[in-house]
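Every read-out reported here was derived from the displayed coordinates using simple, explicitly stated rules and does not represent laboratory data. This is a predicted model, so every value here is computed, not measured. All Cβ positions, even for glycine, are placed from backbone atoms using ideal geometry, and neighbour counts span all protein chains on display.
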Amino acid sequence: MMVQVAAALLFAVAAGLGVTVIIAMLRNNESAILSALLGEGAFPVPGAPHPGAAAQVVTLRRSAARRDAPRPARQTRPALSRAA
């Protein structure tokens, strides 16, 4: 019985601390949190890309020099370790 009472008190203290932290966060950063919850974003950027089709498509050129790049030599591991 005493363990259950102690666990209930500990849970109540933890829940109260969590609520206190949430209220403190809302007081310090209320506008940013509420705008993020509304989907507006805390810091809207007017120059950000917009969804949808692009007005101008930029094609990337393929580089042939990359195919000839030297590859590092693969190291082979022994089948068994020295400890075995």
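For the pair Met25 and Met2, what calculated FRET efficiency results from E = 1/(1 + (r/R0)^6), where r is the Cβ-Cβ distance and R0 = 30 Å, to the nearest 0.05?
Numbers: r = 35 Å, r/R0 = 1.17.
E between Met2 and Met25, to the nearest 0.05, is 0.30.
From the backbone phi of segment 6-19, what are the Karplus-calculated ³J(HN,Hα) couplings (6.51 cos²θ - 1.76 cosθ + 1.60, θ = phi - 60°) in whole Hz, Gly and Pro given as x?
5, 5, 5, 5, 5, 5, 5, 5, 5, 5, x, 5, x, 5
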